[in-house]
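Trainee: Can you keep this structure in mind? I'll have questions shortly.
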Amino acid sequence: MKTYDLELKAAQIRKKLWQLIYDHSTGHTSSDFSCTDILVALYYKVMNQTPENFGQKEVDTYIQSKGHAVEVLYEVLADRGYFPESDLKSFSAFNSPYIGHPTNHVNGIEVNTGSLGHGLGLGVGIALAAKMDKSSKRVFVLMGDGEQAEGSIWEAAMSAGNYKLDNLTAIIDHNNLQITGSTDDVMQSNPLASKYAAFGFEVTEIDGNDMTALVKVLNMPNTSTKPRLIIANTIKGKGISFMENVAKWHHGVPTQEQFELGMKELNKKLEELNND
C-alpha cells in the first residue's frame, strides 16, 4: 500500500470504529482514534503477519499493551480478514470473545492484555525467546503514555536494554491524556526520550498521526544492538474535532446527535481523500 492508500484505510477504520462504539454504547473512543494510524501502518505496511501465517515462528508479533483501545484492533483485524466483520455484532455481549480488552480467544491476538504495564514485559520475553531460537521475528509493543506510570514498564525496559533486544520495537501513543486528565498532572513521566535512552533504547520521536513518518520509522532497519522506542506524538480523539484533546472522551460514547456530527466529519475526510 502507498501512503495515500494507508491514509484512506485509516479514515475508513475510524468510520467503522465510530459506528461500532455507537451501536454497542461502549468503547475507549478517543484512545482508539489516537492510535488508528499506528495500527494501520503496522498491519498494512510494516509487519509480515497475515491471517494465514499468524502465530508461526518467523512471523512478527504485535502486542497491544494499551488494551483498552481494543476496538481499533478488532476493526483492523476484521478488515485484514482474521475474522468476519459480522463477528463484531456480538461486541461486548455476554459470552462473546470480542470483549473490552484483547484476549487470545480472538484470532489474530497472541496474548491477553489490558492490565496496564504488562505488555512490554511480554514483548521482552517473546523477543528474547526469538533471539534464543535464532528467529527473524520482530516484536512490536504499543503502550499508552499514562501506562508509563506502571513500575513493571521500567523493569521490562531495563531487561530489554540489558539483553540488547534489537528485534523489539516499543511504541508509545503519546497523546498527553489519560482517563482522569493530563498525564503531566496525574503522574508525570516526561521526558520519556531521555529515560528510555538511559535504559539502553534507541529513541525516535515522530508525529504519530503522520502516516509517512510512521511508515518510514517503523520500516527502518535497526542497525544498532539496542531495542527501539518510538514516541508517537498523537492527538487523542484524532479525526473528530469535538473529541480531540478532550479527556472525558477517553471512555466517551456519542449521543445520536454527536454520532451524526462525528460521522459527517469522518465522511468529509473520506471525500477529501477520494478527491485527491
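The values are calculated or read from the model by the stated rules, or taken from the named source; none is laboratory data. Just so we're clear, the structure is a prediction, and the values are computed from it rather than from any experiment. All Cβ positions, glycine included, derive from the backbone under ideal geometry; neighbour counts span all protein chains shown. Accessible surface areas use protein heavy atoms only, side chains included; no ligands, DNA or RNA. Shrake-Rupley method; radii C 1.70, N 1.55, O 1.52, S 1.80 Å.
Trainee: Of everything in the range 57-97, what is open to solvent by 10 Å² or more (accessible area, probe 1.4 Å), within 19 Å of Gly252 (Cα to Cα) and in a loop (DSSP other than H, G, I, E, B)? Give them in sequence order.
Mentor: Scanning the range 57-97 gives Ser92, Ala93.
To keep it simple, each residue is scored yes or no on (1) surrounded by fewer than 20 Cβ atoms within 10 Å (Cβ to Cβ); (2) β-branched (Val, Ile, Thr); (3) touching a residue at least 60 places away in the same chain (Cβ under 8 Å).
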position	(1), (2), (3)
Gly119	no, no, no
Leu122	yes, no, no
Gly125	yes, no, no
Asp133	yes, no, yes
Tyr163	yes, no, no
Asn176	yes, no, yes
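Trainee: On to the next question. Val141 - would you say it is of a type outside the set (Lys, Arg), buried (at least 20 other Cβ atoms within 10 Å of the Cβ) and not in a helix (DSSP H, G or I)?
Mentor: yes
Trainee: State whether the residues of the range 14-26 include one that is closer than 29 Å to Ile153 by Cβ, out of contact with any helix residue (DSSP H, G or I) (no Cβ under 8 Å at 6 or more places or on another chain) and surrounded by fewer than 24 Cβ atoms within 10 Å (Cβ to Cβ).
Mentor: There is at least one residue in the range 14-26 that is closer than 29 Å to Ile153 by Cβ, out of contact with any helix residue (DSSP H, G or I) (no Cβ under 8 Å at 6 or more places or on another chain) and surrounded by fewer than 24 Cβ atoms within 10 Å (Cβ to Cβ).
Trainee: Follow-up question, since we're still on this one. For Lys15, are the conditions met, namely being outside any loop (DSSP other than H, G, I, E, B), at pLDDT 95 or above, under 25 Å from Met263 (Cβ atoms) and among the charged types (D, E, K, R)?
Mentor: yes
Trainee: While we're on this one: Kindly indicate whether Pro102 is at pLDDT 95 or above, in a loop (DSSP other than H, G, I, E, B) and more than 15 Å from the chain's Cα centre (by Cα).
Mentor: No.
Trainee: Right, something else. Of the numbered conditions (1) within 16 Å of the chain's Cα centre (by Cα); (2) open to solvent by less than 20 Å² (accessible area, probe 1.4 Å), Leu266 satisfies every one except a single condition; which is it?
Mentor: Looking at each condition in turn, Leu266 falls short on (1).
Trainee: Now a separate question. Considering only residues of the range 178-194 that are touching a helix residue (DSSP H, G or I) at 6+ places or on another chain (Cβ under 7 Å) and part of a strand (DSSP E or B), which is surrounded by the fewest Cβ atoms within 10 Å (Cβ to Cβ)?
Mentor: Selected residue: Gly181.
Trainee: Regarding Ala197, is this residue surrounded by 14 or more Cβ atoms within 10 Å (Cβ to Cβ), touching an Asp or Glu at 6+ places or on another chain (Cβ under 8 Å) and either in a strand (DSSP E or B) or of a type in the set (Gly, Ala, Ser) (or both)? Even if it seems obvious, please write down each step before you answer.
Mentor: Working: surrounded by 14 or more Cβ atoms within 10 Å (Cβ to Cβ): yes; touching an Asp or Glu at 6+ places or on another chain (Cβ under 8 Å): no; either in a strand (DSSP E or B) or of a type in the set (Gly, Ala, Ser) (or both): yes.
Spelling it out, it is not the case that Ala197 is surrounded by 14 or more Cβ atoms within 10 Å (Cβ to Cβ), touching an Asp or Glu at 6+ places or on another chain (Cβ under 8 Å) and either in a strand (DSSP E or B) or of a type in the set (Gly, Ala, Ser) (or both).
Trainee: Another question, then. Starting from the range 30-49, take each residue that is within 24 Å of His250 (Cα to Cα) and without any contact (Cβ under 8 Å) to a residue 40 or more places away in the chain and list its partners that are in a helix (DSSP H, G or I) and aromatic (Phe, Trp, Tyr), counting only C-beta distances under 9 angstrom and pairs at least six apart or across chains.
Mentor: Matching pairs, first to second residue: none at all.
Trainee: I need the full set of residues from the range 208-233 which are open to solvent by less than 10 Å² (accessible area, probe 1.4 Å) and either basic (Lys, Arg) or outside any helix (DSSP H, G or I) (or both), in order please. Write out each step before concluding.
Mentor: Taking the range 208-233 and keeping what is open to solvent by less than 10 Å² (accessible area, probe 1.4 Å), we get 208, 211, 214, 218, 227, 229-232.
Answer for the range 208-233, where residues must be open to solvent by less than 10 Å² (accessible area, probe 1.4 Å) and either basic (Lys, Arg) or outside any helix (DSSP H, G or I) (or both): Gly208, Pro227, Leu229, Ile230, Ile231, Ala232.
Trainee: Return the total of residues in the range 106-115 being open to solvent by 60 Å² or more (accessible area, probe 1.4 Å) and either in contact with an Asp or Glu (Cβ under 8 Å, 6 or more places away or on another chain) or within 15 Å of Ala78 (Cβ to Cβ) (or both).
Mentor: So the answer is 1.
Trainee: Determine whether the range 241-253 contains at least one residue that is of a type in the set (Gly, Ala, Ser), farther than 21 Å from Val139 by Cα, touching a residue at least 12 places away in the same chain (Cβ under 8 Å) and surrounded by fewer than 16 Cβ atoms within 10 Å (Cβ to Cβ).
Mentor: yes
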